[in-house]
Structures are given as structure tokens and as C-alpha cells.
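Trainee: There's a structure below that I have some questions on.
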Amino acid sequence: MTAVYTLTLAPSLDSATLTPQIYPEGKLRCTAPVFEPGGGGINVARAIVHLGGRATAIFPAGGATGEHLAALLADEKVTTRQVATHDWTRQNLHVHVESSGEQYRFVMPGAALSDDEFRQLEEQVLTIEKGSLLVISGSLPPGVPVEKMSQLIKAAQNNGIRCIIDSSGDALAAALEIGGIELVKPNQKELAALVNRDLTQPDDVRKAAEELVNSGKAKRVVVSLGPQGALGVDEQQCVQVVPPPVKSQSTVGAGDSMVGAMTLKLAENASLEDMVRFGVAAGSAATINHGTRLCAQEDTQKIYDYLCQK
């Protein structure tokens, strides 16, 4: 199987808690927090391990929060390559309100990276063996311009590393301008921004995704469509996979679970349809859980088996 690595420039230590209700001024009594690793690429690596695969997470870590993050990843048997940073790793908070079912996500800015710290991360990336998959996912921390990330992607591709990008806005657009990206997973709004037009008709999403593939920007485009599943496009075909109805508890982690599952299938040289099917199954499996939990292998397999029978 192809080796898989992930790069997260703005990792986090995530905490999740429950409170009966939420209101201003007063003290909100919460349950004991549950701590989990956070950050796009880190969650992708975790999802792959949860699904029985192997992945190495590359990320910066600083302070006591960075140490806690690394310890949690070790507990989950996720292989890591870390770069020590001066700034502490950020900590995010997820609050589920029992009375209303509402969720509140308090997301802090990523820890700043110095030029030397970014250079060390780039060196870690460039030691990856040729032909490997590298998932670059998550936001950019303060002080890291999009151009710097573009340079890193170009250097990785020049070394024969196959890049998967799960980002948004300028970072995603800049990555696609480089071309040859193995896989991108925009939602419908992000795809509309990439092609600079509204996607209002049923066939608009397919045509926009095909544009990205036919122009050479990406080899595969999988558009996440929420309850409608996902639409996948490559040079040969277009497939849509619709998940079974499940009782959604939280959408946190669904996107990262989906990318992890699709990356695992890509590493196995699976077909586009099988890749999208497994991705939709993992994304749906993540929504069954409260808080920040990712997909579980048993839940994913059940949904995947159901989709295979359709």
C-alpha cells in the first residue's frame, strides 16, 4: 500500500463538554471535558488509523498543550513527526447544549510559526519517500502566507510526492493553480468560488468539478453535498453517492473522516466510486457521535456495506 502522510500547520488540542443550557453572564456548569487531538491533517491521520490503516502526522507542537496533543496521538497509535515551536499549541472548545441540541465551537487562532519552524516542517515533508500521498489539511497559522504554502506544495511535487489538499479560500485556489493535485474535496459553496459563478442548476456542480479536472488542476474532485452525500469526478467518470439517513449528533469531524477514508482507498488504488463510497460512509459515521469524535471502523463498515448493496 502507498505510504500516507499528513501535514497540519495549525494543530489544536480540542476539548468537548456538555452544559444543560447556555445564557450570558451566569456560570455555565459543564461536564468534565473530553480532550482530543485537533487540526485537519491530524484528524485525517487519526481517521485513517481508526479505519485500520497507517498514516504519519507531521505538525508543529509547543508548550504543555502541544505535549498533551502528542500524548493523545501516541495513545491512538498515530505515528508522528513533530517540530518544536516557541508558541504553545492552541486549544479549542466545543460545547453541546443539552436543552436545545445546539453546538458551539470556540476556535482559537493557530500558534504563530517562525521562519525557522516552517523551514523545519518543510524539511520533514521533503524527506517523504517518492510516490507517497501527502494530505495537506487545515487552516494557515498567523504569519504564514499562501505563497509559502504554494512553494511547499511545488517542492513536494518536484520530489514525486502526490498531494491531496483539503482547504478553502485563497489557500485552496492557490494549490489548484499549481496543478496536478491528486484530490480536492470542496463543498458546493467552495466549488462555486473556485469557478467564479453560482451553481444553482442540478448539473452545475458536475460541470464545475469537470472543469477543474479537465484543466489539469486536480486529478480527482469530490464535492461534499451534506445530506446528499458526495459527487466524485475524475477523467473517466462521474459518480454520486447518497448516504442512508442517520441521526446526526454532530457534524464536527465528518469532513476529516471523509478525507481520511478516501485517502486510505486512494492508497489502495481503489476506483473512484469505491473511494467516494467509503468516504461518504466514514463522514456519515462521524455524525453519529457527540462532540469532536471521528468515525469508528464498525460504524463506517456497516454504512459502507449498505452503500455497496445499493
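Trainee: Evaluate the range 141-152: report whether one residue or more is under 17 Å from the mean Cα position of the chain (by Cα) and part of a strand (DSSP E or B).
Mentor: Within the range 141-152, not a single residue is under 17 Å from the mean Cα position of the chain (by Cα) and part of a strand (DSSP E or B).
Trainee: Still on this model: In the list Arg81, Arg46, Arg29, which residue meets the criterion of being basic (Lys, Arg) and buried (at least 24 other Cβ atoms within 10 Å of the Cβ)?
Mentor: Details: Arg81 fails: buried (at least 24 other Cβ atoms within 10 Å of the Cβ); Arg29 fails: buried (at least 24 other Cβ atoms within 10 Å of the Cβ).
The match here is Arg46.
Trainee: So, in the range 38-79, how many residues would count as being polar (S, T, N, Q) and over 15 Å from Ala10 (Cα atoms)? Give the derivation first.
Mentor: As a first pass, look at the range 38-79 and keep what is polar (S, T, N, Q): 43, 56, 65, 79.
When the remaining residues are screened for being over 15 Å from Ala10 (Cα atoms), the result is 56, 79.
Residues meeting the conditions: 2.
Trainee: Residues being crowded, with 24+ Cβ neighbours inside 10 Å and part of a strand (DSSP E or B): count how many of those fall in the range 5-15.
Mentor: Counting residues in the range 5-15 that are crowded, with 24+ Cβ neighbours inside 10 Å and part of a strand (DSSP E or B) gives 6.
Trainee: Still on this structure, I have one more. When Val107 is evaluated against the numbered criteria (1) of a type outside the set (Phe, Trp, Tyr); (2) over 21 Å from Ala175 (Cα atoms); (3) crowded, with 16+ Cβ neighbours inside 10 Å, which criterion, by number, is the only one it fails?
Mentor: Among (1) of a type outside the set (Phe, Trp, Tyr); (2) over 21 Å from Ala175 (Cα atoms); (3) crowded, with 16+ Cβ neighbours inside 10 Å, the lone unmet condition for Val107 is (3).
Trainee: Got a number for residues in the range 288-303 being in a helix (DSSP H, G or I) and surrounded by fewer than 21 Cβ atoms within 10 Å (Cβ to Cβ)?
Mentor: Quick first cut of the range 288-303, residues in a helix (DSSP H, G or I) only: 297-303.
Going one step further and asking which of them are surrounded by fewer than 21 Cβ atoms within 10 Å (Cβ to Cβ), we end up with 297-299, 301-302.
So the answer is 5.
Trainee: Quick check on Val233: is it more than 30 Å from Ala16 (Cβ to Cβ) and in contact with a Pro (Cβ under 8 Å, 6 or more places away or on another chain)?
Mentor: No.
Trainee: Quick check: is even one residue across the range 159-177 out of contact with any Leu (no Cβ under 8 Å at 6 or more places or on another chain), among the hydrophobic types (A, V, I, L, M, F, W, C) and either farther than 24 Å from Glu235 by Cβ or crowded, with 17+ Cβ neighbours inside 10 Å (or both)?
Mentor: Among the residues of the range 159-177, at least one is out of contact with any Leu (no Cβ under 8 Å at 6 or more places or on another chain), among the hydrophobic types (A, V, I, L, M, F, W, C) and either farther than 24 Å from Glu235 by Cβ or crowded, with 17+ Cβ neighbours inside 10 Å (or both), which makes the answer yes.
Throughout, read-outs are computed from the coordinates displayed, never taken from laboratory work. Just so it is clear, the model here is predicted, and its values are computed rather than measured. Don't worry about glycine lacking a Cβ; one is built from the backbone with ideal geometry, like all the others, and counts go over all protein chains shown.
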